[in-house]
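Can you read through this structure? Questions will come right after.
Where a number appears in this text, it was derived from the coordinates with a stated rule and is not lab data. Predicted model only: the values in this text are computed from it and were never measured. Every residue, glycine among them, receives a Cβ derived from its backbone with ideal geometry; neighbour counts consider all protein chains shown.
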Amino acid sequence: MGQFSLSLSFFAFFAALRDTAFSHAKPPRTQRLAGYTKNRMITLTENLIKEIEAHGESTYPNECGGMLIGHFGTDGNKSVVETFPLENSSLEDQSNRVLILPRDVMRAERYAREQKLDVVGYYHSHPNDRAVPSQYDLDHALPVWSYIIVSVMDGKALDVRSWVMENDRSKFNEEKLERGHPARP
Ligand SMILES: [Zn+2]
């Protein structure tokens, strides 16, 4: 377990470093005060969004979850190249669910490295709820990552939104979810 948590904090540390390096070049003061997640964007193809929606519908009424694999752009924006769905077994117990299991993060990070990509976030579904992060989501979020949430109402995916946690962990800010083909950096 020590190894797992080390990897997780290492990732968060380097991701935070990277974000700081790229995002605070010369931000306007108001933007700096408002938090680094303002005006951010994540780009996914329509097909990837459909994959996330389909995953949420297939596990309904239970939650689904998975990693977002892609690139961090030099402008602080992200692009998703593929999704990395996680097995339902890790999310079976709704009363004791774990948002991100360290072994899943390890597996996704290893896979991303092999593809010369990064883990840029996490997606999950909200069965019969809005695509808005819960307090539980906030309590378990990592900085820098994007959190894409798909709202699944009565078994049908209705809404997909993306969120990034404020650096001080006080809240999530919504980021623009751009549907299209990202330019490779
Ligand atoms: Zn949630």
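By count of other Cβ within 10 Å, fewest leading, how are Ser170, Ser151 ordered?
If I rank by nearby Cβ atoms, fewest first, I get Ser170, Ser151.
Same structure again: Can you tell me the length gained on complete extension of the stretch Glu87 to Arg113, counting 0.36 nm per residue apart and subtracting the Cα distance?
Working: separation 26, 0.36 × 26 = 9.36 nm, distance 2.03 nm.
Going from the current span to full extension adds 7.3 nm.
Which entries of Lys78/Lys176; Lys78/Lys116; Lys50/Lys116; Lys78/Lys171; Lys116/Lys171 show an alpha-carbon separation above 22 angstrom in the structure shown?
Long pairs (Cα-Cα over 22 Å): Lys50/Lys116; Lys116/Lys171.
How much length would be gained if the chain were fully extended between Arg179 and Arg103, taking 0.36 nm per residue of separation minus their Cα-Cα distance, in nm to one decimal?
24.4 nm
Give me, ordered by chain and number, the residues 5 or more places off Thr45 or on other chains with an amide H under 5 Å from its own placed amide H.
HN-HN under 5 Å from Thr45: Gly180.
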